[in-house]
Amino acid sequence: MATIGFIGSGNLGSALARLVAIAGHDVVLSNSRGPETLGERLTRVGPRASAGTVADAAARGDLVVVSTPLRAYRSVPVAPLRGKVVIDTINFDPARDGDYPEITAGRQTASGVLQEHLPESFVVKAFSNMFFKHLATMGRPAGAPDRSTLPIAGDDAEAKRTVATLADEAGFDTLDAGPLAESRRFARGTPAFHAYLDPDGMFTAPGRPASTTALAKLLAAAN
Ligand SMILES: NC(=O)c1ccc[n+]([C@@H]2O[C@H](COP(=O)([O-])OP(=O)(O)OC[C@H]3O[C@@H](n4cnc5c(N)ncnc54)[C@H](OP(=O)(O)O)[C@@H]3O)[C@@H](O)[C@H]2O)c1
(Lines give C-alpha, C1' and ligand atoms only; values in the text may rest on other atoms or scores of the structure.)
Protein backbone atom coordinates (compact mmCIF):
# COMPACT_ATOMS: atom_id res chain seq x y z
CA MET A 1 0.00 0.00 0.00
CA ALA A 2 1.13 3.49 -0.80
CA THR A 3 0.67 7.03 0.43
CA ILE A 4 -1.26 9.21 -1.99
CA GLY A 5 -0.85 12.98 -1.65
CA PHE A 6 -3.65 15.31 -2.70
CA ILE A 7 -2.94 18.87 -3.80
CA GLY A 8 -6.51 20.13 -3.84
CA SER A 9 -9.04 18.28 -1.69
CA GLY A 10 -12.31 19.78 -2.86
CA ASN A 11 -15.26 17.97 -4.38
CA LEU A 12 -13.31 15.80 -6.78
CA GLY A 13 -10.10 15.40 -4.78
CA SER A 14 -11.84 14.30 -1.61
CA ALA A 15 -14.18 11.92 -3.49
CA LEU A 16 -11.16 10.23 -5.06
CA ALA A 17 -9.27 10.28 -1.76
CA ARG A 18 -12.14 8.41 -0.11
CA LEU A 19 -12.06 5.71 -2.81
CA VAL A 20 -8.31 5.13 -2.57
CA ALA A 21 -8.45 5.19 1.24
CA ILE A 22 -11.17 2.53 1.18
CA ALA A 23 -8.86 0.55 -1.12
CA GLY A 24 -6.27 0.61 1.69
CA HIS A 25 -3.94 3.50 0.84
CA ASP A 26 -2.99 6.29 3.23
CA VAL A 27 -3.88 9.73 1.94
CA VAL A 28 -2.55 13.20 2.76
CA LEU A 29 -5.03 15.96 1.95
CA SER A 30 -4.04 19.57 1.31
CA ASN A 31 -5.66 22.73 0.05
CA SER A 32 -4.84 26.42 -0.38
CA ARG A 33 -5.95 27.47 3.11
CA GLY A 34 -4.01 25.08 5.31
CA PRO A 35 -4.52 21.78 7.15
CA GLU A 36 -6.58 23.30 9.95
CA THR A 37 -9.40 23.91 7.42
CA LEU A 38 -9.62 20.27 6.31
CA GLY A 39 -11.44 18.77 9.32
CA GLU A 40 -14.71 18.05 7.57
CA ARG A 41 -12.95 16.54 4.54
CA LEU A 42 -10.84 14.33 6.82
CA THR A 43 -13.96 12.98 8.50
CA ARG A 44 -15.53 12.23 5.13
CA VAL A 45 -12.44 10.49 3.74
CA GLY A 46 -11.98 8.33 6.82
CA PRO A 47 -9.29 7.10 9.20
CA ARG A 48 -6.56 6.62 6.59
CA ALA A 49 -6.55 10.36 5.87
CA SER A 50 -4.34 13.03 7.39
CA ALA A 51 -4.10 16.72 6.59
CA GLY A 52 -0.98 18.62 5.63
CA THR A 53 0.32 21.56 3.71
CA VAL A 54 0.71 21.38 -0.06
CA ALA A 55 4.43 20.77 0.55
CA ASP A 56 3.59 17.87 2.94
CA ALA A 57 1.24 16.22 0.43
CA ALA A 58 3.84 16.56 -2.33
CA ALA A 59 6.69 15.23 -0.19
CA ARG A 60 4.84 12.40 1.55
CA GLY A 61 2.92 11.12 -1.47
CA ASP A 62 4.45 8.15 -3.32
CA LEU A 63 1.98 9.26 -5.97
CA VAL A 64 0.39 12.70 -5.98
CA VAL A 65 -2.98 13.86 -7.29
CA VAL A 66 -3.35 17.47 -8.44
CA SER A 67 -7.02 18.41 -8.22
CA THR A 68 -7.12 22.20 -8.24
CA PRO A 69 -8.37 24.75 -10.75
CA LEU A 70 -5.86 25.11 -13.60
CA ARG A 71 -5.07 28.67 -12.56
CA ALA A 72 -3.44 27.25 -9.38
CA TYR A 73 -0.91 25.06 -11.21
CA ARG A 74 2.08 27.27 -10.35
CA SER A 75 1.43 26.49 -6.67
CA VAL A 76 2.27 22.83 -7.30
CA PRO A 77 5.79 22.31 -5.91
CA VAL A 78 8.27 21.01 -8.47
CA ALA A 79 11.20 19.52 -6.52
CA PRO A 80 9.30 17.07 -4.25
CA LEU A 81 7.44 15.68 -7.28
CA ARG A 82 10.57 14.85 -9.30
CA GLY A 83 10.42 11.26 -10.53
CA LYS A 84 6.88 10.73 -9.21
CA VAL A 85 3.65 9.85 -10.94
CA VAL A 86 1.27 12.83 -10.80
CA ILE A 87 -2.41 12.31 -11.53
CA ASP A 88 -4.00 15.38 -13.08
CA THR A 89 -7.78 15.74 -12.73
CA ILE A 90 -7.86 19.36 -13.97
CA ASN A 91 -10.37 20.62 -16.51
CA PHE A 92 -9.75 23.96 -18.14
CA ASP A 93 -12.68 26.28 -17.51
CA PRO A 94 -12.13 29.76 -18.99
CA ALA A 95 -14.78 31.29 -16.73
CA ARG A 96 -12.86 30.08 -13.66
CA ASP A 97 -9.28 29.91 -14.91
CA GLY A 98 -8.94 32.92 -17.20
CA ASP A 99 -7.50 33.04 -20.67
CA TYR A 100 -5.13 30.32 -21.94
CA PRO A 101 -4.99 31.03 -25.69
CA GLU A 102 -2.86 27.96 -26.42
CA ILE A 103 -5.49 25.67 -24.90
CA THR A 104 -8.39 27.48 -26.52
CA ALA A 105 -6.65 27.19 -29.90
CA GLY A 106 -6.14 23.44 -29.40
CA ARG A 107 -2.33 23.68 -29.38
CA GLN A 108 -1.98 22.76 -25.70
CA THR A 109 -3.92 20.86 -23.05
CA ALA A 110 -4.36 21.58 -19.36
CA SER A 111 -2.26 18.47 -18.67
CA GLY A 112 0.41 19.75 -21.02
CA VAL A 113 0.59 22.96 -18.99
CA LEU A 114 1.05 20.95 -15.78
CA GLN A 115 3.63 18.63 -17.39
CA GLU A 116 5.67 21.64 -18.56
CA HIS A 117 5.58 22.94 -14.99
CA LEU A 118 6.70 19.49 -13.71
CA PRO A 119 9.21 18.40 -16.38
CA GLU A 120 10.71 15.59 -14.31
CA SER A 121 7.38 14.12 -13.12
CA PHE A 122 5.18 11.64 -14.95
CA VAL A 123 1.84 13.37 -15.43
CA VAL A 124 -1.15 11.14 -16.18
CA LYS A 125 -4.57 12.62 -16.92
CA ALA A 126 -7.22 10.58 -15.10
CA PHE A 127 -10.48 10.89 -13.14
CA SER A 128 -11.14 14.17 -14.98
CA ASN A 129 -14.30 13.37 -16.94
CA MET A 130 -16.58 11.96 -14.23
CA PHE A 131 -18.74 14.17 -12.01
CA PHE A 132 -17.55 13.84 -8.41
CA LYS A 133 -20.87 12.49 -7.12
CA HIS A 134 -20.78 9.80 -9.79
CA LEU A 135 -17.14 8.99 -9.00
CA ALA A 136 -18.23 8.43 -5.42
CA THR A 137 -20.99 5.99 -6.35
CA MET A 138 -20.07 4.27 -9.63
CA GLY A 139 -17.09 2.15 -8.58
CA ARG A 140 -17.74 -1.58 -9.00
CA PRO A 141 -15.72 -4.77 -8.47
CA ALA A 142 -13.68 -6.03 -11.42
CA GLY A 143 -15.86 -7.93 -13.87
CA ALA A 144 -19.17 -6.41 -12.72
CA PRO A 145 -21.44 -5.86 -15.74
CA ASP A 146 -22.06 -2.24 -14.77
CA ARG A 147 -18.44 -1.34 -14.12
CA SER A 148 -17.38 1.82 -15.96
CA THR A 149 -14.22 2.56 -17.89
CA LEU A 150 -12.28 5.79 -17.40
CA PRO A 151 -9.91 7.26 -19.99
CA ILE A 152 -6.30 7.94 -19.05
CA ALA A 153 -3.58 9.69 -21.05
CA GLY A 154 0.13 10.19 -20.43
CA ASP A 155 3.54 10.03 -22.01
CA ASP A 156 5.00 7.31 -19.77
CA ALA A 157 3.70 3.74 -20.09
CA GLU A 158 4.75 2.63 -16.60
CA ALA A 159 3.10 5.67 -15.01
CA LYS A 160 -0.11 4.84 -16.84
CA ARG A 161 0.06 1.25 -15.57
CA THR A 162 0.39 2.58 -12.02
CA VAL A 163 -2.65 4.82 -12.48
CA ALA A 164 -4.64 2.00 -14.10
CA THR A 165 -3.94 -0.16 -11.03
CA LEU A 166 -5.13 2.62 -8.72
CA ALA A 167 -8.29 3.12 -10.81
CA ASP A 168 -8.93 -0.63 -10.70
CA GLU A 169 -8.67 -0.56 -6.91
CA ALA A 170 -11.09 2.38 -6.90
CA GLY A 171 -13.62 0.36 -8.92
CA PHE A 172 -12.98 1.35 -12.54
CA ASP A 173 -11.51 -0.09 -15.71
CA THR A 174 -9.30 2.24 -17.75
CA LEU A 175 -8.78 2.86 -21.45
CA ASP A 176 -5.43 4.29 -22.54
CA ALA A 177 -6.23 7.21 -24.85
CA GLY A 178 -2.55 7.66 -25.76
CA PRO A 179 0.02 10.37 -25.00
CA LEU A 180 -0.81 13.29 -22.74
CA ALA A 181 -1.80 15.45 -25.72
CA GLU A 182 -4.61 12.99 -26.43
CA SER A 183 -6.26 14.04 -23.17
CA ARG A 184 -7.93 16.59 -25.46
CA ARG A 185 -10.26 13.71 -26.45
CA PHE A 186 -11.89 13.77 -23.02
CA ALA A 187 -11.50 17.45 -22.14
CA ARG A 188 -14.44 19.62 -21.16
CA GLY A 189 -16.94 19.90 -24.02
CA THR A 190 -16.02 16.64 -25.78
CA PRO A 191 -18.44 13.70 -26.16
CA ALA A 192 -16.37 11.63 -23.70
CA PHE A 193 -16.68 14.37 -21.09
CA HIS A 194 -20.36 13.47 -20.87
CA ALA A 195 -19.79 9.70 -20.96
CA TYR A 196 -21.44 8.96 -17.62
CA LEU A 197 -24.17 11.61 -17.56
CA ASP A 198 -27.78 10.62 -18.09
CA PRO A 199 -29.12 13.19 -20.61
CA ASP A 200 -32.40 13.29 -18.69
CA GLY A 201 -30.85 14.24 -15.38
CA MET A 202 -27.26 15.25 -16.08
CA PHE A 203 -25.83 16.21 -12.70
CA THR A 204 -28.87 15.27 -10.62
CA ALA A 205 -29.50 11.75 -11.93
CA PRO A 206 -27.36 8.75 -10.99
CA GLY A 207 -24.37 8.19 -13.25
CA ARG A 208 -24.75 6.01 -16.31
CA PRO A 209 -22.09 3.30 -16.70
CA ALA A 210 -19.90 3.43 -19.83
CA SER A 211 -18.08 0.32 -21.05
CA THR A 212 -14.67 0.32 -22.73
CA THR A 213 -16.34 -0.07 -26.13
CA ALA A 214 -18.72 2.83 -25.50
CA LEU A 215 -15.91 5.04 -24.23
CA ALA A 216 -13.67 4.21 -27.22
CA LYS A 217 -16.40 5.43 -29.58
CA LEU A 218 -16.77 8.68 -27.64
CA LEU A 219 -13.02 9.28 -27.65
CA ALA A 220 -12.89 8.67 -31.39
CA ALA A 221 -15.72 11.19 -31.91
CA ALA A 222 -13.66 14.12 -30.59
CA ASN A 223 -12.46 16.53 -33.29
N1 LIG B 1 -16.19 18.65 -9.47
C2 LIG B 1 -16.15 17.66 -10.34
O3 LIG B 1 -17.12 16.87 -10.48
C4 LIG B 1 -14.92 17.45 -11.19
C5 LIG B 1 -14.86 16.31 -11.98
C6 LIG B 1 -13.72 16.07 -12.73
C7 LIG B 1 -12.67 16.97 -12.72
N8 LIG B 1 -12.77 18.10 -11.96
C9 LIG B 1 -11.63 19.04 -12.00
O10 LIG B 1 -10.86 18.78 -10.83
C11 LIG B 1 -10.35 20.01 -10.29
C12 LIG B 1 -10.92 20.21 -8.89
O13 LIG B 1 -12.32 20.34 -8.99
P14 LIG B 1 -13.25 20.43 -7.69
O15 LIG B 1 -14.63 20.40 -8.17
O16 LIG B 1 -12.78 19.45 -6.67
O17 LIG B 1 -12.91 21.91 -7.21
P18 LIG B 1 -13.16 22.50 -5.74
O19 LIG B 1 -14.21 21.76 -5.04
O20 LIG B 1 -13.30 23.97 -5.94
O21 LIG B 1 -11.76 22.20 -5.00
C22 LIG B 1 -10.57 22.79 -5.43
C23 LIG B 1 -9.48 22.41 -4.46
O24 LIG B 1 -8.26 22.98 -4.93
C25 LIG B 1 -7.67 23.69 -3.84
N26 LIG B 1 -6.82 24.77 -4.33
C27 LIG B 1 -7.18 25.85 -5.05
N28 LIG B 1 -6.10 26.62 -5.28
C29 LIG B 1 -5.05 26.00 -4.68
C30 LIG B 1 -3.69 26.30 -4.55
N31 LIG B 1 -3.15 27.41 -5.09
N32 LIG B 1 -2.90 25.44 -3.86
C33 LIG B 1 -3.44 24.32 -3.30
N34 LIG B 1 -4.73 23.99 -3.40
C35 LIG B 1 -5.52 24.82 -4.08
C36 LIG B 1 -8.84 24.21 -3.04
O37 LIG B 1 -8.43 24.59 -1.76
P38 LIG B 1 -9.21 25.78 -0.97
O39 LIG B 1 -10.62 25.32 -0.85
O40 LIG B 1 -8.48 25.89 0.31
O41 LIG B 1 -9.05 27.00 -1.86
C42 LIG B 1 -9.72 22.95 -3.05
O43 LIG B 1 -9.26 22.03 -2.10
C44 LIG B 1 -10.79 21.12 -11.26
O45 LIG B 1 -9.77 21.36 -12.20
C46 LIG B 1 -12.00 20.52 -11.95
O47 LIG B 1 -12.20 21.05 -13.24
C48 LIG B 1 -13.87 18.35 -11.18
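At 1.4 Å probe size, with every protein chain present, just tell me what the per residue accessible area of the range 3-220 comes to in Å². Could you put the intermediate results ahead of the total?
On the way: 9660 Å² over 218 residues.
That works out to 44 Å² for each residue.
Quick one: among A59, A72, A51, which has the greatest mean-square fluctuation in a GNM of the chain with alpha-carbon springs under 10 angstrom?
Evaluated over the chain, the most mobile residue of the options is A72.
In the full protein assembly as shown, how much of R44 is accessible to a 1.4 Å probe, in Å² to the nearest 10?
110
Under 16 Å from a label point 7 Å along Cα→Cβ of R140: give me every residue in the range 182-223 with its amide N that close.
Under cut-off, by backbone N: 195-198, 206-216.
With bins 5 Å wide starting at 0, give me the P(r) of the range 1-102 over every alpha carbon pair, in whole percents.
Final binned percentages: 3, 14, 25, 25, 17, 10, 4, 1, 0.
Tell me the carbon and sulfur percent of the accessible area for the range 3-220, rounded to whole percent, probe radius 1.4 Å.
On the way: 5160 of 9660 Å².
Taking all protein chains in place, the range 3-220 shows 53 percent carbon and sulfur surface.
What is the Cα centroid distance between the range 166-223 and the range 23-64, reported in whole angstrom?
Rounded to whole Å, the Cα centres lie 27 Å apart.
Each residue of the range 122-127 in order: what ³J(HN,Hα) in whole Hz does its phi give by Karplus 6.51 cos²θ - 1.76 cosθ + 1.60, θ = phi - 60°, with x for Gly and Pro?
Per residue, the Karplus-derived 3J(HN,Hα) values read 10, 7, 10, 6, 6, 6 Hz.
For the range 61-70, take each phi angle, set θ = phi - 60°, evaluate the Karplus expression 6.51 cos²θ - 1.76 cosθ + 1.60, and give the result in whole Hz per residue in order, putting x for glycine and proline.
x, 6, 9, 10, 9, 9, 9, 10, x, 4
Spelling out what I want: for every residue of the range 25-38, take phi, set θ = phi - 60°, compute 6.51 cos²θ - 1.76 cosθ + 1.60 (Karplus), and round to whole Hz; glycine and proline get x.
So the J values, rounded to whole Hz, are 8, 7, 10, 10, 8, 8, 8, 7, 9, x, x, 5, 9, 9.
Taking 0.36 nm per residue of sequence separation and subtracting the Cα-Cα distance, how much length would be gained by fully extending the chain between A59 and E102, in nm to one decimal? Numbers along the way, then the final one.
On the way: separation 43, 0.36 × 43 = 15.48 nm, distance 3.07 nm.
Result for the pair: 12.4 nm of gain on full extension.
Mind checking the range 124-223 for chymotrypsin sites (Phe, Trp or Tyr not before Pro) that DSSP puts in a loop (not H, G, I, E or B) and that have at most 14 other Cβ atoms within 10 Å?
Answer by residue number: F203.
Would you grab the residues whose amide H sits under 5 Å from the one on L150? Only those 5+ places off in sequence or on another chain, please, with H modelled 1.01 Å from N.
Amide H neighbours of L150: D173, T174, L175.
Using a Gaussian network model on the chain with a 10 Å cutoff between Cα atoms, which of G61, G201, G189 fluctuates the most?
Answer for the Gaussian network model of the chain: G201.
May I ask for log10 I(q)/I(0) of the chain at q = 0.09 Å⁻¹, from a Debye sum over the Cα atoms as equal point scatterers with solvent left out?
-0.32
Restricting the count to DSSP beta bridges whose residues both fall in the range 3-220, what percent are antiparallel, rounded to a multiple of 5?
Counting only bridges with both partners in the range 3-220, antiparallel ones make up about 10 percent.
Let's see if you can work this out: charge +1 on each Lys and Arg Cβ, -1 on each Asp and Glu Cβ, no other charges. What is the dipole magnitude of the chain about its Cα centre, in debye to the nearest 20?
280
Using a 10 angstrom cutoff on alpha carbons, build the Gaussian network for the chain and name the most mobile of A187, A79, A58.
It is A79.
For H134, H117, H194, give me the order by solvent-accessible area with a 1.4 Å probe, most accessible first, ignoring ligands, DNA and RNA.
H194, H117, H134
Work through the residues other than L81 whose Cβ is under 14 Å from its Cβ and net out their charges, Lys, Arg +1 and Asp, Glu -1.
Every neighbour counted, the sum reads -2.
Between D200 and R44, what is the FRET efficiency for a Förster distance of 41 Å, r being their Cβ-Cβ separation, to the nearest 0.05?
Efficiency at R0 = 41 Å is approximately 0.90.
As a check on your grasp of the helix formula, calculate [θ] at 222 nm for the chain: sum -39500 (n - 2.57) over DSSP H runs of n ≥ 4, divide by the residue count, round to the nearest 500. Numbers along the way, then the final one.
Values: 9 runs with 71 residues, N = 223.
Calculated mean residue ellipticity at 222 nm is -8500 deg cm²/dmol.
Leaving ligands, DNA and RNA out of it, work out the accessible area of T165 with a 1.4 Å probe and give it in Å² to the nearest 10.
In the full protein context, T165 sits at about 80 Å².
The values are calculated or read from the model by the stated rules, or taken from the named source; none is laboratory data. Worth saying up front: this structure is predicted, and the values here are computed from it rather than measured. Cβ sites come from the backbone with ideal geometry, for glycine too, and all protein chains shown count toward neighbours. Side chains included, ligands, DNA and RNA excluded: accessible areas come from the protein's heavy atoms. Shrake-Rupley method; radii C 1.70, N 1.55, O 1.52, S 1.80 Å.
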